[in-house]
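Data first, discussion second: the structure below is written as structure tokens.
The values are calculated or read from the model by the stated rules, or taken from the named source; none is laboratory data. Everything quoted here is computed from the prediction, not taken from an experiment. For neighbour counting, all protein chains shown are included, and Cβ atoms are generated from backbone atoms with ideal geometry for every residue, glycine included.
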Amino acid sequence: MKVKFGKTALKILLPLMFVAVAACLIAVLILLGKDPDTKERVKVLPRVEVLRVESQPISLSVNSQGTVQPRTRTLLTAEVSGVVEYVSPKLFPGNFFDEGDVLLKIDPTQYEADLANARGQLANARLAYAQETALGEQALLDWEEMGKGPAGDLVLRIPQLEKAAADLESAKAAIKLAERNLSKTSVRAPYAGGVQEKSVDVGQTVSARMTELARIFSVDLVEVRLPVSAKQAGYLILPETYRNGSVADAKPKVVLSSRAGHRNWTWEGYIDRTEGVIDPTTRQIFLVATVEDPYGRMMETDRPPLKIGQFVEAAISGRHLGKGFIIPRAALKPGEVVYVVSQENRLLITPVTVAQAGVEKVYATEGLKDGDRICLTPLSIVVDGMEVMVESERQGEKENSSI
């Protein structure tokens, strides 16, 4: 019994002894060990790029595009029929001519004969009129000698004289017509212009007002139809025409540009008028820009002419808004707000008044002040007043406003 009791006590006491020894060892290690190093907590702040803005005068501008067209385009035809006997070297595509230049001649033989015949008819009519005048005067004398009272119209040959007078006027009109037809055998340029297409040549028979001779256009000025939206039109001061004939005299400046070779060339013009209807499909308004002397050569440059059919970009000068701020489009957030970084590097959600917003730039007139720093870095989470770290700063550039 004693042996059994000793084994049981040993089984109970032995684990307790191990636990006590382990506890003593841990306590000794804790007492002898060094305190762990304490680390400072580090703030993790969003890094942002900012743009320092400065106010500047803002003049709005609207961008559009269109195709160059002549103001006057003519389908040239002959006013008389005949065989073409001469074609001017100027009447070839790409060539130019002055007003009154002879572009084409039609064989005049028939019309010279018609004029000679008309002159003969005029001579006969004049003779007949003179004879009837004399006969009428003689009839009056004879009747007065007879003393039989007032004479009738037939006795005095008044109807015959009236017919002779009408024949004389008809002969004179025939002379004018024959002279006109003869002059029209030489087809002259109605204005200074250029040739787009030639349709006839020497030896070809043409019919009056039927056969197409050439397609020509004037070169004093050209026009470009420029579509703009109703919103864009609000940025411009446009020349409007009213029913009573009054016209707003605004003529906004427009700069047309087109690339030729390795260079971008520009031509200056003005908005001459607005078309009186809105396109029902696109809901756009068409402005008509005019450029004078498009084929004139600039003495100081080798700028190419502004050709018919050429596609051009247009920048139309708009309203002056006084001073404002030009900021990148990406800096404007939904709700027309921007993130301004204060001097304490805190993010402030700031509403702005947007005068015009384009693809790349925004023009704000209110809400900012000189020296404000605009956040350019996209942030996934934004809280008004949150602290940020400014990683880089850019200075706003002066630039022309154009959308």
For residues that are closer than 13 Å to residue 114 by Cα and of a type in the set (D, E, K, R), scanning just region 173-194, find the one that is surrounded by the fewest Cβ atoms within 10 Å (Cβ to Cβ). 176
Scanning region 194-207 for residues that are within 30 Å of residue 308 (Cα to Cα) and assigned to a strand (DSSP E or B) gives 194, 195, 196, 197, 198, 206
Output the residue which, of all residues in region 330-356 that are exposed (fewer than 15 other Cβ atoms within 10 Å of the Cβ) and among the small types (Gly, Ala, Ser), is farthest from residue 234 (Cα to Cα). 342
Working carefully through the options 188, 209, 157, find the one that is on the phi < 0 side of the Ramachandran plot and of a type in the set (Lys, Arg). 188
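Out of 212, 240, 223, 197, I need the residue that is surrounded by fewer than 15 Cβ atoms within 10 Å (Cβ to Cβ), in contact with a strand residue (DSSP E or B) (Cβ under 7 Å, 6 or more places away or on another chain) and within 30 Å of residue 280 (Cβ to Cβ). Which one?
Numbers: 212 fails: within 30 Å of residue 280 (Cβ to Cβ); 223 fails: surrounded by fewer than 15 Cβ atoms within 10 Å (Cβ to Cβ); 197 fails: within 30 Å of residue 280 (Cβ to Cβ).
When all the criteria are applied, what remains is 240.
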Taking into account only those residues within region 54-77 that are crowded, with 18+ Cβ neighbours inside 10 Å and at pLDDT 90 or above, which is farthest from residue 103 (Cα to Cα)? 64
Cβ-Cβ under 6 Å pairs, at least 6 apart or on other chains, region 361-386 side closer than 11 Å to residue 348 by Cα, far side surrounded by 17 or more Cβ atoms within 10 Å (Cβ to Cβ) and among the small types (Gly, Ala, Ser): 374/331
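Could you grab me the full set of residues in region 149-186 that are over 22 Å from residue 133 (Cα atoms) and in a loop (DSSP other than H, G, I, E, B)?
In the first step, residues of region 149-186 are kept if they are over 22 Å from residue 133 (Cα atoms); the result is 174-186.
If the condition is that a residue be over 22 Å from residue 133 (Cα atoms) and in a loop (DSSP other than H, G, I, E, B), then 184, 185 are the ones that fit.
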Run down 235, 191 and say which single residue is modelled with pLDDT under 95, closer than 30 Å to residue 111 by Cα, within 27 Å of the chain's Cα centre (by Cα) and assigned to a loop (DSSP other than H, G, I, E, B). 191
